Each structure stands twice: as structure tokens, then as C-alpha cells.
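J.: First, the structure itself, so that you have it in front of you.
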């Protein structure tokens, strides 16, 4: 499970934000497009692509995409 | 000054808790009314598919200790080919408006309390917001056309913005023209259908299981006689004139099919349409659809509704049924959504709607 692939999969959940703006260090909750719907789609993406369950608390406790990646990695 | 981060907590209540009864403390917004509402509590306790008393039926989210949102679940069965798997139906999602910015819905929709007990999930009767949530969660979404037959033109004029005396006058005049149609559909059953006897019954017969489970579709939420009885006997919010009915259709004393109907008040706030008494055909089955088709059963259902019903509706994804319905003055008026989640990830074909037995009455729709 590579970080760069995770970032790419994460970026795909956004429709209006340019993928180039989204990096491992991005504080994703500060993105203009960020919403509960995108949070749900990230949770669904992680479940489908990585077969890992994450919850709202995991999203709340993560600041950057890399933070969330580490949570997912720890559960694989 | 930085705002203190709210503390979001989640509580899970099981079937056992429901049976024993419990109250929801610190609940100024009445989130826990699903528990104190006796009709709803009875419905959940009577669910025929509870095999584990620890099945979680209510997930309650709190923000700084205040009840802020909830979602309910009840056990159902999912038939996939020859397998029957335990699944769950979702119900009654609510997040108090002032707490929506804390992403409570995420907590509620992604709870895993029943993860080790169920293999699939169903939902039905969603608003557009609800469907957007299901899309974000990558759930399979099925759509069926809603077909409607007006018995009272009031809602048409309300939708156009008429009020007061003008609304009353327009409705009165238009209804005069609706009456012959109502008469034809209520009292002039086609000759071919007069060979059938339609009977309302209080006890759903077991023969419906064969009709439901062997209808030729590979996938379905199992609506056997136990499930149908449960839905017939329960309503979340009973009101005058609201009812659930189950009918058998026989020919020469032999069962040929069945249908189930509900009568409810439904309004559309966004269009200023006040609640209408709406009759719905929510379930149906036929031993041989070439002989007794879906629309035949709808046609047999029409005269069974209360005479003061404002509108009759059913849903279908069958083009032939839609065509016949339009020939009988039904009009298409929206879409009904059913969602499905395959937690096993084994049933790749289950995304194909053509393989499904789908009905208006999925999940908790009949009791709602």
C-alpha cells in the first residue's frame, strides 16, 4: 500500500479541487470542497480499495492525508 | 479564542434493550422518540428475523452529552441464488439541525455494531439528500418509476400555487371530470379479471413464500409470509384512515397471487402540497405473471382502496407495466429508490437491477 496511490485515490473523491493541490501533507479538512459527503466517500473508498474500516473519529483525529494513510496502514 | 472541540460519542442499544424498555436521557430534541413511540417500539420488537438479542437496533450519537442524532436497524434476510443471508434494513436516520456541522451522520451511517451479524444492508424511500449520501457510500442504488392515479385534483392545483376559494373551486370542477374515470376503474373490472376473487385477510398465508422466493429473480430482500405479516401488523405512526391491508387473489378457490396496500397521508412541503390520503400498492406476487401480471394485480387493487383516497400509486421498473398503467390514466410522478450494500463483496452481479425482485415495500417502507 503506497502513500502516493493513497493520495491519488483520496484526490479522486474531489470533483472541483485540482489533484495537484492534494498532497500527503494537505490538511484535507481545510480544503474548500471538503464536506460530510466527501468524508463518507473517503470512508467508502478506503473500505473498497484497502478493505479497511475507518470511522468518523479517524477522520476527526487526522489532520493530513498522510495521518489518515497511517491509520489505514496500521489496520491492514 | 479557539472554540472548544465538541465531544461526539456513540451509544448502541440492542433488541434486548428494546424488549426491556429504556429511556434516552439528556434529549431536549426528542431524538429518542423512536424508543418512546410505542408503535415503533412494538414494530421493532416484533421483527420476525431477530436471532440474536444483541442485534443493535438503535445507534444514538451525542454531542457533549446531548442526544444529537440516531439511526435504527432491524434484521432482514437477503436471498442470493440458493443462499439466504442475514442482513439489515436501515431506518429513521435523523440528525438535529444544529449538530449537522459535527458530521454526526458519518458516525451513524458507518457504525459497525452489527458487522459480524449481517452480510448485506437495505434501504428505501430516500430523499435526494439521502440518495447523495448513498452514492458517496458507493451503495448500489436501484430506481423504479412511481406511477400515480389522481382521485382528487386538489394537489395538482396546490402545486400550481392556488389557495383558498380559488383552489376549492378549481378542485371541485376538475373532480367532476375525474369521477367517470374513478367509476370505470372501481366498478368496471375487465372481463378477464372478473374470474379472480380478491379477499382481504388478516393472516398472511404460507403459500405466498413459494410465490415470493421462486419468482425467477436471483436476488431479493426476503418478503416471506412472516415478513409480510410483520409489515401488515405494524405502523410506526398510526393515524385515522391510515392502514395496511393484505389481499389474496384466487381463481376457483386456488391461490393465484397476492397484493399488499397501504393508506397514508403524504404531503410535499417543498411544493406547498398539503397531506393527501395516498393509497399505495407496496407488494405483489403472482404464481404466473403471464396469466396474472403486475398491472393486473394493480388493477385489482384499485377498487380496494378507501373511496375518499386522493391518490393511488405504485412503483415498477417494468416497461410493459408502465405502458399499461399509462393507458389507464396513471402518470409517472417521480422515482423510488432502493439501496443495497453487499458486505461480503461476493455478489458482483448484484449491481444488475434486472436480477432483482424489487418492490415499493422494501426495508421499513410499509410500516412507515
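J.: In this structure, is residue B:280 out of contact with any helix residue (DSSP H, G or I) (no Cβ under 7 Å at 6 or more places or on another chain) and at pLDDT 95 or above?
T.: Against the criterion (out of contact with any helix residue (DSSP H, G or I) (no Cβ under 7 Å at 6 or more places or on another chain) and at pLDDT 95 or above), residue B:280 qualifies.
J.: Residue B:213 fails exactly one of the following numbered conditions: (1) farther than 24 Å from residue B:84 by Cα; (2) in contact (Cβ under 8 Å) with a residue 24 or more places away in the chain. What is the number of that condition?
T.: All conditions pass for residue B:213, except number (1).
J.: Output the residues belonging to segment B:134-147 that are crowded, with 16+ Cβ neighbours inside 10 Å, touching a helix residue (DSSP H, G or I) at 6+ places or on another chain (Cβ under 7 Å) and within 14 Å of another protein chain (Cβ to nearest Cβ).
T.: Passing the criteria: B:136, B:137, B:140, B:141.
J.: Which ranges mark the helices (runs of 4 or more DSSP H) fully within segment B:147-266 that have 3 or more residues being under 23 Å from residue B:316 (Cα atoms) and at pLDDT below 95?
T.: B:164-187
J.: Let me ask something else. Does residue B:335 satisfy being surrounded by 17 or more Cβ atoms within 10 Å (Cβ to Cβ), within 20 Å of the chain's Cα centre (by Cα) and not in a helix (DSSP H, G or I)?
T.: Against the criterion (surrounded by 17 or more Cβ atoms within 10 Å (Cβ to Cβ), within 20 Å of the chain's Cα centre (by Cα) and not in a helix (DSSP H, G or I)), residue B:335 does not qualify.
J.: Being surrounded by fewer than 15 Cβ atoms within 10 Å (Cβ to Cβ) and within 13 Å of chain B (Cβ to nearest Cβ) is the filter here; which residues of segment A:10-21 pass it?
T.: Listed by number, the residues that qualify are A:12, A:15.
Residue-by-condition table, conditions (1) more than 12 Å from chain A (Cβ to nearest Cβ); (2) part of a helix (DSSP H, G or I); (3) farther than 17 Å from residue B:343 by Cβ; (4) in contact with a strand residue (DSSP E or B) (Cβ under 9 Å, 6 or more places away or on another chain):
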position	(1), (2), (3), (4)
B:88	yes, no, no, yes
B:112	no, no, no, no
B:126	yes, no, yes, yes
B:132	no, yes, yes, no
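J.: Being within 14 Å of another protein chain (Cβ to nearest Cβ) and either surrounded by fewer than 19 Cβ atoms within 10 Å (Cβ to Cβ) or in contact with a strand residue (DSSP E or B) (Cβ under 6 Å, 6 or more places away or on another chain) (or both) narrows it down to one of B:107, B:53, B:46, so name that one.
T.: Only one candidate passes the filter, namely B:107.
J.: Ok, one more. Scan segment B:148-185 for residues that are touching a residue at least 24 places away in the same chain (Cβ under 8 Å) and closer than 26 Å to residue B:304 by Cα and report the count.
T.: 12
J.: What residue, among those in segment B:1-43 that are within 14 Å of chain A (Cβ to nearest Cβ) and in contact with a helix residue (DSSP H, G or I) (Cβ under 8 Å, 6 or more places away or on another chain), is farthest from residue B:234 (Cα to Cα)?
T.: Among those residues, the one meeting the criterion is B:6.
J.: What's the number of the condition residue B:343 fails, among (1) at pLDDT 90 or above; (2) buried (at least 16 other Cβ atoms within 10 Å of the Cβ)?
T.: (1)
J.: Same structure, new question: What number of residues in segment A:46-63 are surrounded by fewer than 17 Cβ atoms within 10 Å (Cβ to Cβ), more than 19 Å from residue B:139 (Cβ to Cβ) and more than 10 Å from chain B (Cβ to nearest Cβ)?
T.: 2
J.: What are the residues in segment A:29-45 that are more than 17 Å from residue B:140 (Cα to Cα) and either assigned to a helix (DSSP H, G or I) or more than 10 Å from every other protein chain (Cβ to nearest Cβ) (or both), if any?
T.: The answer is A:29, A:30, A:31, A:32, A:33, A:34, A:36, A:38, A:39.
J.: If residue A:24 passes every condition in (1) buried (at least 20 other Cβ atoms within 10 Å of the Cβ); (2) assigned to a loop (DSSP other than H, G, I, E, B) but one, which one does it miss?
T.: Going through the list (1) buried (at least 20 other Cβ atoms within 10 Å of the Cβ); (2) assigned to a loop (DSSP other than H, G, I, E, B), residue A:24 breaks only (1).
J.: Determine whether residue B:97 is within 17 Å of residue B:340 (Cβ to Cβ), surrounded by fewer than 19 Cβ atoms within 10 Å (Cβ to Cβ) and either free of Cβ contacts under 8 Å to residues at least 40 places away in the same chain or more than 24 Å from the chain's Cα centre (by Cα) (or both).
T.: Answer is no for this residue.
The values are calculated or read from the model by the stated rules, or taken from the named source; none is laboratory data. Computed from a predicted model, the values in this text were never measured in an experiment. Cβ sites come from the backbone with ideal geometry, for glycine too, and all protein chains shown count toward neighbours.
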